[in-house]
Amino acid sequence: MMSISEKLNKAREYEKEKYPQTIEQKPVFHFAVPTGWMNDPNGFSFFNNECHLFFQYNPYYTNWGPMHWGHTKTNDFINWKILPCAMAPDAVYDEAGCFSGTAIEHDGKHLIMYTGVQEKTDSNGNKFNVQTQCMATGDGIEYKKLETNPVIDGTMLPEGSSINDFRDPKIWKDEKGFWSLVGSVAPDKSGQLALFYSENATEWKFMKIIDYCKNQYGKMWECPDFFGLDGRQILIVSPQFMQSDGDEFHCGNVSMYFVGDWDSNTLEWKRNKPFMLDYGLDFYAPETVQTPDGRRVMIGWLQNWDNHILPDGQTWSGIMTVPRELKVCGEKLIQNPVRELENYRCNKFTAENVCVPGDGQIVELEGLRGRILDMTLCIKNSHSGCLSTFIAADEKHQTKIILDLEKCTVTIDRSRSGLFKDFITTRSMKIDGEKDEIKLRILMDKWTVEVFANDGESVMTSLIYTPVEADRIYWTSTGVLKMEVKKYEIKNFM
Ligand code: FRU
């Protein structure tokens with residue numbers, strides 16, 4: 001067996017002891033951190049026919065700290081098996097953190113490319129971080145960092161590019177060789193995406209900058225993902241320091257996508273206008289993977305940087321979204337929960353012709369409650385009025401999902417969800433209101449709410465902080481509205 005560093009061993013011993021203590025508190029069909037803190041998904045990839053997911057991980061505290069790579073795997077995107085921590089910041093070039101990256105399978109090995117962060121001191125004694133791209137290979141459990149690390153460093157970038165903000169490589173391979181797209185900062189202090197190529201996956205050369213942010217969409221573009229889908233090319237990035245502009249983007253960290261076209265011979269990338277990937281309060285830094293049966297599946301961090309609190313007594317922080325299948329429709333992406341979730345549905349509840357009469361009257365259906373569920377509302381032939389769905393409700397708490405049929409928006413309002421800080425509580429998204437049938441699919445898993453409108457046309461994801469006992473569901477409306485309700489519980493398989 002490969003010898004492992006003291007730092008990695010310590011992390012593994014720690015998680016082994018702590019993980020069992022929190023299993024009960026975790027969501028059921030969402031992956032959550034074993035212990036401590038988790039942010040971005042990393043290395044989402046298939047290896048030996050199993051889907052692996054790594055994650056930005058600080059095992060010891062519930063806040064961000066020295067980044068390790070935690071590890072889990074699944075056969076169906078729903079039931080995740082925790083694996084021992086895969087990497088610790090135990091080399092000189094990553095002693096300040098093993099930051100985000102991606103993975104592929106090659107020649108029977110699992111190949112990771114990630115960002116190593118090293119702290120240095122300048123001639124005036126000021127400390128600064130240097131970010132480089134590093135690699136590790138593994139067998140699905142043990143990962144060995146390459147002796148030649150770092151394999152890509154800031155000196156390979158065009159002059160004036162930042163060596164401090166150079167991170168989150170997306171690696172892929174094709175018939176020509178290996179490619180890596182890395183987030184970087186241009187001399188104008190805004191994001192650029194640097195493309196590298198390698199014949200053998202170890203020696204890399206700079207090819208070109210394929211896209212510039214030009215201070216138009218935030219600053220640095222974190223966590224790029226770049227892949228072909230339905231005959232088009234998709235670029236996903238997570239900009240920092242976005243300023244809201246119109247209805248589309250909110251401030252701070254957002255995740256957005258461009259549908260475009262990529263010429264892999266000339267390395268020309270042409271893009272259309274960007275859209276938000278998720279309009280909720282908690283979604284960031286997603287990664288995608290191609291499944292053996294040809295689907296493109298995305299997972300994101302169900303949280304965001306400026307918007308983070310920890311409920312009293314919770315000793316872990318970090319949940320991932322339900323993995324979503326992606327499709328292209330025109331210039332937009334359609335997202336729906338992976339179909340495997342349907343295998344975990346049980347206790348079906350349906351109600352047809354439910355009438356919500358307006359005038360503030362509450363409609364509550366006998367037998368309909370819960371906090372671990374997959375529920376679809378289908379609102380028929382209605383183009384005026386507002387339907388408010390109250391979930392995770394009791395006398396004191398509620399989270400409201402408001403469908404405004406005139407403005408054609410869906411809004412989440414978690415201001416009464418049990419928050420104890422002055423926090424952002426609402427966010428809205430546009431939907432196509434012209435349809436004869438408007439559908440809202442709501443997934444709830446104790447503290448998570450994911451709303452898929454009109455079969456994945458737009459999505460919003462948010463955390464709520466409500467005690468799990470609050471499980472009432474009811475409706476009010478302005479105007480008379482008719483709908484069909486279909487709800488399943490999700491089996492607790494843990
Ligand atoms: C995105 C990010 C990445 C970085 C990682 C550090 O959330 O800031 O750019 O690699 O988190 O944990």
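Sub-8 Å Cβ pairs linking a first residue in segment 415-439 that is farther than 26 Å from THR376 by Cβ to a second residue that is polar (S, T, N, Q) and part of a loop (DSSP other than H, G, I, E, B), at least 6 apart or interchain, are LEU419/THR425; PHE423/ASN307; ILE424/ASN307, ordered by first then second residue. Among the residues of segment 280-328, those that are assigned to a loop (DSSP other than H, G, I, E, B), away from the ligand (no atom under 16 Å from the Cβ) and over 23 Å from GLU340 (Cβ atoms) comprise ILE309, LEU310, PRO311, ASP312, GLY313, GLN314, THR315. Only one of the numbered conditions (1) of a type outside the set (Asp, Glu); (2) within 25 Å of MET135 (Cα to Cα); (3) out of contact with any Pro (no Cβ under 8 Å at 6 or more places or on another chain); (4) assigned to a loop (DSSP other than H, G, I, E, B) is not met by ASN9, and that is (4). Within segment 196-231, the set of residues being more than 16 Å from the ligand (Cβ to nearest atom) and in a loop (DSSP other than H, G, I, E, B) comprises GLU199, ASN200, ALA201, THR202, GLU203, TRP204, LYS214, ASN215, GLN216, ASP230, GLY231. Which one is nearest to ASN48 (Cα to Cα) among residues in segment 91-114 that are surrounded by fewer than 24 Cβ atoms within 10 Å (Cβ to Cβ) and among the β-branched types (Val, Ile, Thr)? The residue in question is ILE104.
The residue of segment 45-96 that is farthest from the ligand (Cβ to nearest atom), among those that are of a type in the set (Gly, Ala, Ser) and closer than 30 Å to GLU342 by Cβ, is SER45.
Given the structure, is ASN343 among the polar types (S, T, N, Q), surrounded by fewer than 18 Cβ atoms within 10 Å (Cβ to Cβ) and either assigned to a strand (DSSP E or B) or within 16 Å of the ligand (Cβ to nearest atom) (or both)?
no
Residues in segment 232-248 that are more than 13 Å from the ligand (Cβ to nearest atom), assigned to a strand (DSSP E or B) and either closer than 19 Å to LEU302 by Cβ or touching a His at 6+ places or on another chain (Cβ under 8 Å) (or both): MET242 only.
Kindly indicate whether any position in segment 391-402 is over 22 Å from GLN361 (Cα atoms) and either among the acidic types (Asp, Glu) or touching a residue at least 24 places away in the same chain (Cβ under 8 Å) (or both). No; the residues of segment 391-402 include none that is over 22 Å from GLN361 (Cα atoms) and either among the acidic types (Asp, Glu) or touching a residue at least 24 places away in the same chain (Cβ under 8 Å) (or both).
Which ones in segment 133-155 are within 16 Å of ALA186 (Cα to Cα) and buried (at least 18 other Cβ atoms within 10 Å of the Cβ)? Selection gives ASP153, GLY154.
Filtered by the rule that a residue be away from the ligand (no atom under 16 Å from the Cβ) and in contact with a Ser or Thr (Cβ under 8 Å, 6 or more places away or on another chain), segment 97-115 gives ILE104, GLU105, LYS109, HIS110, LEU111.
With the structure loaded, tell me whether CYS134 is within 14 Å of the ligand (Cβ to nearest atom) and closer than 23 Å to MET207 by Cβ or whether it fails that test.
yes
Criterion applied to ILE412, ILE379 was being crowded, with 19+ Cβ neighbours inside 10 Å and more than 23 Å from the chain's Cα centre (by Cα), and the one residue passing it is ILE379. A single member of ILE112, ILE4 is over 26 Å from LYS173 (Cβ atoms) and of a type in the set (A, V, I, L, M), and it is ILE4. Picking from residues in segment 249-259 that are crowded, with 19+ Cβ neighbours inside 10 Å and part of a strand (DSSP E or B), the one that is nearest to the ligand (Cβ to nearest atom) is MET256.
Applying the condition of being farther than 26 Å from ARG296 by Cβ and in contact with an Asp or Glu (Cβ under 7 Å, 6 or more places away or on another chain) to segment 70-90 and asking which residue is surrounded by the fewest Cβ atoms within 10 Å (Cβ to Cβ) yields PRO89.
Quick check on LEU365: is it part of a helix (DSSP H, G or I), under 23 Å from GLU489 (Cβ atoms) and not charged (D, E, K, R)?
Details: part of a helix (DSSP H, G or I): no; under 23 Å from GLU489 (Cβ atoms): yes; not charged (D, E, K, R): yes.
No.
It is to be established whether one or more residues within segment 409-425 are in contact with a His (Cβ under 7 Å, 6 or more places away or on another chain) and under 17 Å from TRP475 (Cβ atoms). Within segment 409-425, one or more residues are in contact with a His (Cβ under 7 Å, 6 or more places away or on another chain) and under 17 Å from TRP475 (Cβ atoms).
Is it the case that ILE163 is assigned to a strand (DSSP E or B) and either surrounded by fewer than 18 Cβ atoms within 10 Å (Cβ to Cβ) or more than 16 Å from the ligand (Cβ to nearest atom) (or both)? Against the criterion (assigned to a strand (DSSP E or B) and either surrounded by fewer than 18 Cβ atoms within 10 Å (Cβ to Cβ) or more than 16 Å from the ligand (Cβ to nearest atom) (or both)), ILE163 does not qualify. Considering segment 260-279, and only residues there that are within 19 Å of ALA453 (Cβ to Cβ) and assigned to a strand (DSSP E or B), the residue that is nearest to the ligand (Cβ to nearest atom) turns out to be MET276.
Only one of GLN233, GLN192, GLN240 is of a type outside the set (Val, Ile, Thr) and under 16 Å from LYS270 (Cβ atoms). Can you tell me which?
Among GLN233, GLN192, GLN240, only GLN233 is of a type outside the set (Val, Ile, Thr) and under 16 Å from LYS270 (Cβ atoms).
Each reported figure results from applying straightforward, stated rules to the coordinates on display, with no laboratory input. Predicted model only: the values in this text are computed from it and were never measured. Glycine gets a Cβ as well: all are built from the backbone with ideal geometry, and neighbour counts include every protein chain shown.
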